[in-house]
Amino acid sequence: MRQPLVAGNWKMNGSRASVAELLAGLKSGINQVTAAEVAVCAPAIYLPAVQADLDGTSIKWGGQDVSAHASGAYTGEIAGSMLADFGCHFVIIGHSERRAYHAESDQAVAEKFTAARAAGLVPILCVGETLEEREGGITEEVVARQLDAVIAHCGIDVVGEGVIAYEPVWAIGTGKTATPEQAQEVHAFIRGRLAASSQAVADGMRILYGGSMNPKNAAELIAQADIDGGLIGGASLKADDFLAVCSAANR
Ligand code: 13P
């Protein structure tokens, strides 16, 4: 039985004041969430504040990116050990915004996955196709390529220590959610791809859906056989909305 995971990806949003308000709201409502593991992935500069507020609660936290390097002359980068130093449990790897705006290749993503594990973090590996790729009928090819690069680099057992998030790029921040059937189809494909290397990893792997998930559509998505939770952008910025999505995993 895979415990559902709902993780917020705040992206580049917030201020000290809004972060404090959001965390206070999450802490006061987290008791209504009985089934899902809950986490927030904050901008790195707010992680000390997140740690101070969430320490001792059931809510975990994480970063949104990590350097492929352990330390050294990499101006502006943040090492996995630094995220761990501030109590991070998770780190998002290979988000489509990083692939698109920072030219992160499949190989770079795979190296970051390894670096995250080396620091003891649980990587949330994002995969997903663009609208053009979906319309071109190559969704599975794209997702397989993104996944296979990490399996080839890290090995299936290390991949199994992480989480996968299927995030169709056309559904991110657009209000266009994949239908539960569309999402389930790709989630089942991903699980099958993992099973080709290890049935045990496939059975245990949590595969989250991300892309305009909100309190209205979350329950139907999470009810699908291969959807084990969500990676939430916009709806994770308001405590009530995020808690409602987390509660959608209550059964
Ligand atoms: P939205 O929920 O805003 O569509 O963002 C999804 C996402 O990219 C989470 O990582």
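The values are calculated or read from the model by the stated rules, or taken from the named source; none is laboratory data. None of these values were measured; they are calculated from a predicted model. Positions of Cβ are generated from backbone atoms using ideal geometry, with glycine treated the same way; all protein chains shown enter the neighbour counts.
Surrounded by fewer than 21 Cβ atoms within 10 Å (Cβ to Cβ), of a type outside the set (Ser, Thr, Tyr) and within 27 Å of Gly204 (Cα to Cα) - does that describe any residue in the stretch 13-30? Yes, that holds for at least one residue.
Taking the stretch 191-225 as the range and being assigned to a helix (DSSP H, G or I), small (Gly, Ala, Ser) and within 12 Å of the ligand (Cβ to nearest atom) as the test, only Ala218 passes.
Are any of the residues in the stretch 35-44 away from the ligand (no atom under 16 Å from the Cβ), charged (D, E, K, R) and more than 19 Å from the chain's Cα centre (by Cα)? Within the stretch 35-44, none of the residues are away from the ligand (no atom under 16 Å from the Cβ), charged (D, E, K, R) and more than 19 Å from the chain's Cα centre (by Cα). Checking each residue in the stretch 9-28 for being among the small types (Gly, Ala, Ser) and either touching a residue at least 40 places away in the same chain (Cβ under 8 Å) or in a helix (DSSP H, G or I) (or both) picks out Gly14, Ala17, Ser18, Ala20, Ala24, Gly25, Ser28. So for the stretch 238-251 (the condition being within 15 Å of the ligand (Cβ to nearest atom) and assigned to a loop (DSSP other than H, G, I, E, B)), does at least one residue qualify? Yes, that holds for at least one residue.
Counting only residues that are of a type in the set (A, V, I, L, M, F, W, C) and free of Cβ contacts under 8 Å to residues at least 60 places away in the same chain, the stretch 219-234 holds 5 of them.
All of Glu135, Glu111 fail the test of being farther than 23 Å from Trp10 by Cα and modelled with pLDDT under 95, apart from Glu135.
Checking each residue in the stretch 149-190 for being in a loop (DSSP other than H, G, I, E, B), surrounded by fewer than 21 Cβ atoms within 10 Å (Cβ to Cβ) and either modelled with pLDDT of 95 or more or touching a His at 6+ places or on another chain (Cβ under 6 Å) (or both) picks out Gly155, Gly160, Glu161, Thr179. Taken together, Gly175, Gly87 contain a single residue that is of a type outside the set (A, V, I, L, M), at positive phi and more than 16 Å from the ligand (Cβ to nearest atom), which is Gly87. Within the stretch 116-148, track down each residue that is assigned to a loop (DSSP other than H, G, I, E, B) and touching an Asp or Glu at 6+ places or on another chain (Cβ under 8 Å). Residues satisfying the conditions are Gly128, Ile138.
Of all residues in the stretch 226-237, those that are over 16 Å from Arg2 (Cα atoms) and either in a loop (DSSP other than H, G, I, E, B) or away from the ligand (no atom under 15 Å from the Cβ) (or both) total 2. Only residues that are near the ligand (Cβ under 10 Å from one of its atoms) and among the hydrophobic types (A, V, I, L, M, F, W, C) were counted in the stretch 151-169, giving 2. If you go through the stretch 234-249 and keep only what is crowded, with 24+ Cβ neighbours inside 10 Å and either closer than 16 Å to Ile59 by Cβ or within 14 Å of the chain's Cα centre (by Cα) (or both), you end up with Ser236, Phe242, Val245, Cys246, Ala249. Condition (residue is of a type in the set (Ser, Thr, Tyr) and either buried (at least 18 other Cβ atoms within 10 Å of the Cβ) or away from the ligand (no atom under 15 Å from the Cβ) (or both)) applied to the stretch 120-130: is it met by at least one residue? Taking every residue of the stretch 120-130 in turn, none turns out to be of a type in the set (Ser, Thr, Tyr) and either buried (at least 18 other Cβ atoms within 10 Å of the Cβ) or away from the ligand (no atom under 15 Å from the Cβ) (or both). When Ala49 is tested against the conditions (1) more than 22 Å from Tyr166 (Cβ to Cβ); (2) small (Gly, Ala, Ser); (3) outside any helix (DSSP H, G or I), the lone failure is (3).
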